[in-house]
1. For D10, D241, what ranking results if the residue with the fewest other Cβ atoms within 10 Å of its Cβ goes first?
2. Under a straight-distance cross-link criterion of Cα-Cα below 16 Å, which lysines are reachable from K56, leaving out those fewer than 8 residues away in the same chain?
3. Within the chain, what percent of beta bridges assigned by DSSP are antiparallel, to the nearest 5?
4. Taking the radius of gyration and the Kirkwood hydrodynamic radius from Cα positions alone, what is the Rg/Rh ratio for the chain, to two decimal places?
5. What net charge is computed for the residues neighbouring P338, neighbours being all others with C-beta under 9 Å from the C-beta of P338, Lys and Arg scored +1, Asp and Glu -1?
6. Taking the highest mean first, how do the peptides 206-213, 339-346 order by number of other beta carbon atoms within 10 angstrom per residue?
7. Separation of the stretch 174-231 and the stretch 63-113 by C-alpha centroid, Å?
8. Using a Förster distance of 45 Å, how high is the FRET efficiency between I54 and V159, based on the Cβ-Cβ distance and rounded to 0.05?
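Each value in this text was obtained by applying a stated rule to the coordinates, not by laboratory testing. Keep in mind the model is a prediction, meaning the values are calculated, not measured. With ideal geometry, Cβ positions are generated from the backbone for all residues, glycine too; neighbour counts draw on all protein chains shown.
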Amino acid sequence: MTGYLAQHGDPACRVEHYDLELDYKPLTGRLAGRARLWVATDGPITLDFGRFAIGKVLVDGKPVRYAHGGGKLRLRHRAGGRCVVEVRYSGTPQPVRTRHWGDLGWEQLADGALVAGQPIGAPSWFPCNNLVRDKATYRISVTSASPYTVVANGVLVDVRTGGSATTWVYRQAEPMAAYLASVQIGQYDRLTVASGQDVVFPARLRRAVTHDFARQPAMMTKFSELFGPYPFPEYHVVVTDDELEVPVEAQGMSVFGSNHVDGRRGFERLVAHELAHQWFGNSVGLADWRDIWLNEGFACYAEWLWAENSGGPSAAVSASRTRTRLARLPQDLCIGEPGEADMFDDRVYERGALTLHALRDRLGDQAFFTVLRDWTRTYRHGTATTADFIALAQWHSVAPLDPFFQSWLHEPRLP
């Protein structure tokens, strides 16, 4: 069976490491880059890459011929083995245009830039193997004007200022899918909310940000108890000065618009949702996009779990309310096979959460949360499928679970 978004990525290619050196001019929006990729391949290398002017392409330090167009960079070189590919490029980043989800990837803000890469926006700013299951380590170096703060995935290992520009260097040691790679640039203040947890934000939002993210450390503690240890060394939150339609997920990072900060914790469920993705979606990644419920169903259920553990309604109440709402909607979507166009349908999120709550009812709390912790431990920094989750859950159930998952995931009518 052909996977979702099959026109993106190269299954015969695996990138083990990306080293990205970027220079960004906020006033003009111009980006110059040098990308080095450590590649293992069974054949000729084809990378996903957007509309940039390419200065040079090297393989193991030697120039090679290439073809660039239609979102692909095809190298004409000897086939097979391991090599280092270097691409030097420049231009104004153009988003990846999609039929279902609008423009994705690098976006110039009123004052700065952000990256919203899910699911296929990464080629808007660097050459990559845009395959959800191809996870690599990263080094990301970004030079920009000194008044600007740069946040990228991983741990900040160096900051150097020379003249009017500053270079920020981050290392992401845990493997990461290309769509989760991110760079955020803005004139931001920084607030440390706990060890290894910070928020960067426009100065005008300090009071609201301080209040709205004050419970995030407690959320981190509770989720670590329920899901297992937090899987990354640090967690960064970025609040942009612009409004965003929805928060943006990245590995070790979440990005919120100024409209998601109200000083009343009115969007705290989104804080929980994005934090939960660090376990479900980022550490435990997808082998194929058809299993997107494993990301979004878990993150949605985490919203209910946080409410249950912080003085809000129980997960049972949230489930009941959600089921009543979903029962009024068309019963024509199987969340275990939603199709590319409906991958991000709200029903995938909410019915996914309902599936988990129904499994909790069936297994009991002790077995259910053991399943979650086993899931994040077994597939930590890897990829997994729905079949993997069903098999793991079955270990904790005397009764067969195949009929249960069949009705919840593969039949359109709500059980």
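1. On the way: D10 22, D241 18.
By the 10 Å Cβ count, ascending: D241, D10.
2. Answer for K56, where 16 Å is the Cα cut-off: K72, listed by chain and number.
3. Values: 79 of 98 bridges.
Percentage antiparallel, nearest 5: 80.
4. Values: Rg = 21.4 Å, Rh = 22.1 Å.
Rounded to two decimals, Rg/Rh equals 0.97.
5. On the way: positive: R290, R347; negative: E337, E340, D342, D345.
Here the charged neighbours net out to -2.
6. Numbers: 206-213: 17.6, 339-346: 15.8.
The most tightly packed comes first, giving 206-213, 339-346.
7. 29 Å
8. Values: r = 29 Å, r/R0 = 0.65.
About 0.95, to the nearest 0.05.
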